[in-house]
Amino acid sequence: MSPKLINRLLLAPAGLWLLTMLVLPIVVVVVFSFGERAQAGGYVPAFTLEQYLNLPARWKAFQNTLTLAPVGTLIVLLIAYPLAYYLAIKANPKWRTLLLILVIVPFWTSILIRSYAWIFILGGRGIPAILEFFGLEGIRLINTPFAVLAGIVYGYLPLMVFPIYVSLERLDKRLLEASADLGSPPWRSFLQITLPLSLPGVATGCMLVFILLMGEFLIPAMLGGGKVFFVGNALVDLFLQSRNWPFGSAVAVALVLVMLVSVTIYMRAIKRWGNGRDDVSLM
Amino acid sequence: MQSADTPTSNAGRAPIAEFRAATKQYGAVTAADQIDLAIMPGEFLSFLGPSGCGKTTALRMLAGFEVPSSGSVHLDGQQVNLVPPHKRPVNMVFQHYALFPHMTVADNISYGLRQQRPKPAAAEITRRVEETLTTVRLPGFEQRRIWEMSGGQQQRVALARALINQPKILLLDEPMAALDRKLRREMQIELQSLQRALGITFVLVTHDQEEALSMSDRICIMRAGRIVQIGTPRQLYDAPLNRYVADFVGKSNFFAGPLSQIDGPIGTVSLPGQSGQGRLGQGVQKGANVSLSVRPEQITLTHSGPGLEVLIKNRIFLGEHTEYLVNHGDLGDFLILVSRQGEALEGTFEPGEPARAHWKPEAALILNND
C-alpha cells in the first residue's frame, strides 16, 4: 500500500463522520429552507425565497440571542476572571484541586435539573419571597431576561473559568517579581503583565461560551418561560410544534450565517490585536 | 582580572546597603541566619556558596521580595524591611532573565522607565533604550522579539532592562547559569568592565567559585544561612578561615589529623604513617582535629626527588596545566597540578608509574575543620 493510500484510509473515518454528521445535515437544511411546508407539516420540495422573506417574523428571537449571548458572555467573563485569578494565583495550592473540583461539580448533574433548581430560587417562593420579607414587594425574577442571564452565568461559568485558569496558572510568577523590581506597583503589574499574558485564555473562554450561547435553548425555555426566547427556542417551536420545516430551516441557516459572521469578526479582531504576538497561542 | 588585594577604598564612606543581624525563616527552616554585612558604594560583591546556603535569600531581602523575620536591611542608611520592591532603588537580573514574552526588546528595556511617574517623554524613552542597548552591545535590536534572541542576547537584554533605571545597586541572581562556558567567560569580563564604567554597586549571587573569584572585589562565603568568611578573592584563597572555605575557593587537598606541635608560625599535624607541616591558619589550637590543606599547584611532582612516594593513578591534560591524581599508601588519593614549565623539567608521568610528591611547609595551611 502506498503511504498516500494509508493516509486516506486513516482519514476515512473522520471524513465520513464529518460528511454524515456535518455536511449532509447542513445540505439538507439548506435545501429544506428553499422548500414549502406541506399541508400536514413537514417539507414539500420547491424553490422559493418565501421562507427567507418571512424571517422578520422571528426578529425578536434573533434580537434576544444577539443581545443576551454577548452580554451573557461578558458577565460570565467578569465573574470568571477573578475566580480563575484567585484559583490560579491566590489560592493555597493545598486547596487548589479541591476548589477546582468544586467548580466542575455542577457539571455532574443534568443542566435540566439545575435549571429546575433555579426556577425555584427565582420563582415566587424563592428570592422574591425573601425580598418581600424585607419589604420589597412585587419583584418578579422568573421569566425575565435577568433570570435567563442568571441561568447562563451559572451554567457557563466553568467553561470560562478553565481556559483562563490554565493561562494564569502557566504564567511565570517571576515576571511579576521582575515587574515589581522595575518599579511597577501590583495593580499596574496586573494590567501590564498578568492580563495581557492571560488574554489567550480569555479569548478561548469567550469563544467557547459565545458559540454555545448562540445555540442555547434550554435555559431560556426554562427560565425565560416563553417570554425571553432565543433562536434555539424558535427552532424547537418551528420543527416540533408547528412542524414548519422549511421556515425552521431558513431560521437555522440564518443563525449559522449570523454565527459565522460574528465569529469571523471576532477572530479578525483577535488576530489584529495579536499581530506579532506569536509567542502566545491564541486559540 | 582583579589585581588589587585591598578592597575598594572605603575610608570615610557610608555603606550603600547593610544587613544587620538579618534573619529569614520559613517555618522551621532558617534560610538566612543573622547576616551582618556592609556593602560599600561602587564595589562588586559576591555571595558564594552551594545551593540552599542562603545567598539568594540575602539577595531577595535586598530586592524586597523577602521581609526579614528579624534583624534589618538598610539601603542608603534607611531601614527598608517593609519597603516593597517597586519602591527600592535597586534592580535585579533574574536567574532565567524573566523577560516579558509579550513585549519587544525595546518594550522590555523601557519597562522600568515607563513605570516612573511622571512618565518620561516618548523621545526620551527611545533615546535611553538606544543608549542602554549600545551599552550592552546590542544596538539596533529594539524591535526584536524575546524568543528570537539567543541565550547570551537575552542575558544582555535582562542586563539592559535592569540598568536603565540607573539603580543604586544592581543585583545579579546567578545571571550566567544558563550560558555555556565560553560565553560565560565573555560575559564575566564584560560585566566587570561594565561595573567599572558605570560605577554602580554590583551584588552577585553565584555557586561558581571561578565566577566569584574573577569578578568580585569582595566575596562573602556562605553556608547554611550564615556568612562564613568575607574577603577579597586573594584573601580567601591564601588565607581561608577553615576547611570549608578552602574547599570552596579553588581546589585543595586535605589531610586530616590532630595538631600535635606548634613551632612559631609552623605547626605539625599527625597523619597516618607520618607527620605533615604547614602554616598555622586562624584559630587552630594544639591537640585539635585539623586539616592540612595543600593546593594542587603547590605540590612538586618529580621522578626521584624528595617527598612522599606516590603512584600515578590518572592524568588529565588541561592545556596550560596537567592534573595528576596520585595515590599514597597511607594518605590516600590527592591531586597535583603540574605546569608546562614543571613538565619541561621533569617530563610527563604515566599512569601506574611511581613518583615523588613534595611541598614546602609554608605552602601548606593548617585549618580548622569548621
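The values are calculated or read from the model by the stated rules, or taken from the named source; none is laboratory data. Not measured: the values here are computed from a predicted model. For neighbour counting, all protein chains shown are included, and Cβ atoms are generated from backbone atoms with ideal geometry for every residue, glycine included.
Among the residues making up the range B:89-121, those that are over 32 Å from the mean Cα position of the chain (by Cα) and either closer than 30 Å to B:GLY77 by Cβ or at the interface with another protein chain (Cβ under 9 Å from one of its Cβ atoms) (or both) are B:HIS102, B:MET103, B:THR104, B:ARG114, B:GLN115, B:GLN116, B:ARG117, B:PRO118, B:LYS119, B:PRO120.
Counting just the residues of the range A:45-99 that are aromatic (Phe, Trp, Tyr) and within 24 Å of A:PRO163 (Cβ to Cβ), which one comes out modelled with the lowest pLDDT?
Result: A:TRP95.
Please enumerate the residues belonging to the range A:161-182 that are surrounded by fewer than 22 Cβ atoms within 10 Å (Cβ to Cβ) and closer than 30 Å to B:PRO89 by Cβ. A:LEU171, A:ASP172, A:LYS173, A:ARG174, A:LEU175, A:LEU176, A:GLU177 - these are the residues of the range A:161-182 that are surrounded by fewer than 22 Cβ atoms within 10 Å (Cβ to Cβ) and closer than 30 Å to B:PRO89 by Cβ. Hey, can you tell me all the residues within the range B:23-63 that are in contact with a Pro (Cβ under 7 Å, 6 or more places away or on another chain), part of a strand (DSSP E or B) and either in contact (Cβ under 8 Å) with a residue 40 or more places away in the chain or not hydrophobic (A, V, I, L, M, F, W, C) (or both)? Answer for the range B:23-63, where residues must be in contact with a Pro (Cβ under 7 Å, 6 or more places away or on another chain), part of a strand (DSSP E or B) and either in contact (Cβ under 8 Å) with a residue 40 or more places away in the chain or not hydrophobic (A, V, I, L, M, F, W, C) (or both): B:THR23, B:LYS24, B:ILE39. Of note, A:ILE211 does not satisfy the criterion of being assigned to a helix (DSSP H, G or I), surrounded by 15 or more Cβ atoms within 10 Å (Cβ to Cβ), among the aliphatic types (A, V, I, L, M) and within 14 Å of chain B (Cβ to nearest Cβ).
Within the range A:115-138, does at least one residue satisfy the condition of being crowded, with 17+ Cβ neighbours inside 10 Å, over 17 Å from the mean Cα position of the chain (by Cα) and within 30 Å of B:ARG161 (Cβ to Cβ)? Scanning the range A:115-138, I find no residue that is crowded, with 17+ Cβ neighbours inside 10 Å, over 17 Å from the mean Cα position of the chain (by Cα) and within 30 Å of B:ARG161 (Cβ to Cβ), so the answer is no. The helices (runs of 4 or more DSSP H) falling completely within the range A:1-113 include none with 3 or more residues that are charged (D, E, K, R).
Pairs are defined by a Cβ separation below 6 Å, a sequence spacing of at least 6 or placement on different chains, a first member in the range A:171-196 that is within 8 Å of chain B (Cβ to nearest Cβ), and a second member that is β-branched (Val, Ile, Thr); the pairs so defined are A:LEU175/A:ILE193; A:SER179/A:ILE193. Among what's in the range B:17-48 and is in contact with a Ser or Thr (Cβ under 9 Å, 6 or more places away or on another chain) and among the small types (Gly, Ala, Ser), pick the residue that is surrounded by the fewest Cβ atoms within 10 Å (Cβ to Cβ). Looking at residues that are in contact with a Ser or Thr (Cβ under 9 Å, 6 or more places away or on another chain) and among the small types (Gly, Ala, Ser), I get B:ALA21. Selection within the range A:127-178: residues that are of a type in the set (Lys, Arg) and in a helix (DSSP H, G or I). The member of this set that is nearest to B:VAL157 (Cα to Cα) is A:ARG174. Assess whether B:SER275 counts as being over 29 Å from the mean Cα position of the chain (by Cα), outside any strand (DSSP E or B), at negative phi and outside the structural domain of B:ASP208 (by TED's automatic domain parsing). The answer is no for B:SER275.
No other residue among B:ARG144, B:ARG156 is charged (D, E, K, R), out of contact with any strand residue (DSSP E or B) (no Cβ under 6 Å at 6 or more places or on another chain) and buried (at least 21 other Cβ atoms within 10 Å of the Cβ) apart from B:ARG156.
Of all the listed residues (B:ALA197, B:ALA224, B:ALA246), the sole one being modelled with pLDDT under 95 and touching a Cys at 6+ places or on another chain (Cβ under 8 Å) is B:ALA224.
Only strands (runs of 3 or more DSSP E) wholly contained in the range B:327-370 count here; list those with 3 or more residues that are under 29 Å from B:PHE248 (Cβ atoms) and touching a His at 6+ places or on another chain (Cβ under 8 Å).
Output list reads B:332-339.
Here B:ARG226 fulfils each of the conditions (1) crowded, with 19+ Cβ neighbours inside 10 Å; (2) within 24 Å of B:ILE39 (Cβ to Cβ); (3) of a type in the set (Lys, Arg) apart from (1).
If I filter the range A:27-74 down to residues being β-branched (Val, Ile, Thr) and surrounded by 14 or more Cβ atoms within 10 Å (Cβ to Cβ), which single residue comes out as farthest from A:GLY232 (Cα to Cα)? Let's see the steps before the verdict.
Pass one, the range A:27-74, residues β-branched (Val, Ile, Thr): A:27-31, A:44, A:48, A:65, A:67, A:71, A:73.
If we keep only those that are surrounded by 14 or more Cβ atoms within 10 Å (Cβ to Cβ) too, we end up with A:29-31, A:65, A:71, A:73.
On the way: A:VAL29: 15, A:VAL30: 17, A:VAL31: 20, A:THR65: 9, A:VAL71: 17, A:THR73: 17 Å.
For the range A:27-74, the residue satisfying everything is A:VAL31.
Residues in the range B:122-146 that are over 26 Å from B:PRO85 (Cβ atoms) and either outside any helix (DSSP H, G or I) or at the interface with another protein chain (Cβ under 9 Å from one of its Cβ atoms) (or both): B:ARG137, B:PRO139, B:GLY140, B:PHE141, B:GLU142, B:GLN143, B:ARG144, B:ARG145.
Residue by residue, here is whether (1) surrounded by 16 or more Cβ atoms within 10 Å (Cβ to Cβ); (2) modelled with pLDDT under 90; (3) not assigned by TED's automatic domain parsing to the domain that holds B:GLY278 holds:
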{"position": "B:TYR324", "(1), (2), (3)": "yes, no, no"}
{"position": "B:ILE336", "(1), (2), (3)": "yes, no, no"}
{"position": "B:GLY342", "(1), (2), (3)": "yes, yes, no"}
{"position": "B:LEU345", "(1), (2), (3)": "no, yes, no"}
{"position": "B:THR348", "(1), (2), (3)": "no, yes, no"}
{"position": "B:GLY352", "(1), (2), (3)": "no, no, no"}
{"position": "B:ALA355", "(1), (2), (3)": "yes, no, no"}
{"position": "B:LYS360", "(1), (2), (3)": "no, no, no"}
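Candidates are the residues of the range B:295-311 that are among the hydrophobic types (A, V, I, L, M, F, W, C) and under 12 Å from B:GLY329 (Cα atoms); the one that is surrounded by the fewest Cβ atoms within 10 Å (Cβ to Cβ) is B:LEU311.
Checking the range A:209-224 against the condition returns no match, with no residue being modelled with pLDDT of 90 or more and more than 30 Å from A:ILE121 (Cβ to Cβ). Out of the residues in the range B:64-88 that are in a loop (DSSP other than H, G, I, E, B) and within 13 Å of another protein chain (Cβ to nearest Cβ), which is surrounded by the fewest Cβ atoms within 10 Å (Cβ to Cβ)? Only one residue tops the list, namely B:PRO84.
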